[in-house]
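Read-outs: derived from the displayed coordinates by stated rules, not from any lab. Nothing here was measured: the structure is a model prediction, and the numbers come from that model. Note: ideal-geometry Cβ built from the backbone for every residue, glycine included; neighbour counts use all protein chains shown.
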Amino acid sequence: MSDDGIDGLPEEGFTLDVPRPGTGEKIVLLTGAGVSAESGLPTFRGPDGLWEGYRVEEVATPEAWVRDPALVRRFYNLRRRAIANAAPNPAHRAVARIQRDLGARLVTQNVDDLHERAGSPHVLHLHGLLTEARCECGPASISAIGYRDLTEEDRCTRGHFLRPNVVWFGEPVPLYAKACEWAAEADWMIVVGTSLTVYPAAALVHEAPSGCRIVLIDPFPSPSIAAQRGRIWVLPAAASVGLSALVRHWHLK
Ligand SMILES: [Zn+2]
C-alpha cells in the first residue's frame, strides 16, 4: 500500500473526510500521554494507579517533596534519563509538520521534550518540562538542566533545593490561562493521545468557540463522542497512525 498521495482510503481502518483548514484559520493541537507512549515512555498513570511502580502521591505531589525530596528527585531523575534515551515517533513529527505548514499552536500535557526534538517550533508545556528545574520557593526561577540528574547540591542562591519544573497534583497550572486564550481563538482543535472526557482536554474544548471544528485521534473513543457528527471528526487510531494519515490527507509537506 502506498504511504503517500492517496486520500481517504480506509487503509488505516477509518475514512478520512476532514477538510483541510483554510488559510488564516487558527489551529490548536493538544497532545497527551498517548503520543509519547509510542516512544516507549510510560503513561502518566496506568489503570492500576501506579506510575512506574510508585503511587502518584508518593512522587508527584508537593507533600511528597516535603516528605522525601530524595525519593522525588530520584524518581524524576529516572524519568529524565528515560526521555534522554527515547526518540520522537511519527506522531511527534506529524505534529511538527502541522505546526510548520499550517501555523498551528501546540499545547501538550507531556513533560518530555520529544516535540521539540521532532522539530516543533514552539511548545506550550501545560504540565511543565522535565529538562528544566526551578527553585522550590517559586515558579519564577526556571533553568534548563538538560538530561542531567538533580541532586541535593542543586540549590538557588538562597539555599533552597531545586526541583523539577513539573506541575504536581494539587498545584496550580500556570500556563492554563494561555492555553485557554488559544482555545478561545481556535477554528480547529486537534486532540491526540488524551481523552476528550477528562481534564484538561475536555475543559479546553469547552473554551473553544461553538463553531470550532474538532479532530479527535483516539484508539478507543468514548461512544458518546464517536456518535457526534458535524463539528467533530473522530479517527479511531493510535496517535502516529491518525496523525500521519491526516498529514497525508491534507497534503502537508
Ligand atoms: Zn529559592
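Each Cα pair under 8 Å and six or more residues apart adds its separation to the average, and for the chain the resulting relative contact order is 25 percent. Residues of region 133-155 with backbone nitrogen within less than 20 Å of a virtual label 7 Å along the Cα-to-Cβ line of Arg74, please, listed as ranges. It comes to 148-155, nothing else. Dipole magnitude for region 140-204: computed about the Cα centre from +1 point charges on Lys and Arg Cβ and -1 point charges on Asp and Glu Cβ, it is near 160 debye.
Other residues whose C-beta falls under 11 angstrom from the C-beta of Ala96 contribute a net charge of +2, scoring Lys and Arg +1 and Asp and Glu -1. Inter-label distance, Glu52 to Arg100: 3.1 nm, where each label sits 7 Å from its Cα along the C-beta direction.
When only the Cβ of Lys, Arg, Asp and Glu is charged (+1, +1, -1, -1), the dipole of region 128-253 relative to its Cα centre reaches about 460 debye. Loop-located GluC sites (Glu not before Pro) in region 51-83 (DSSP state not H, G, I, E or B) with no more than 14 neighbouring Cβ atoms inside 10 Å: Glu52.
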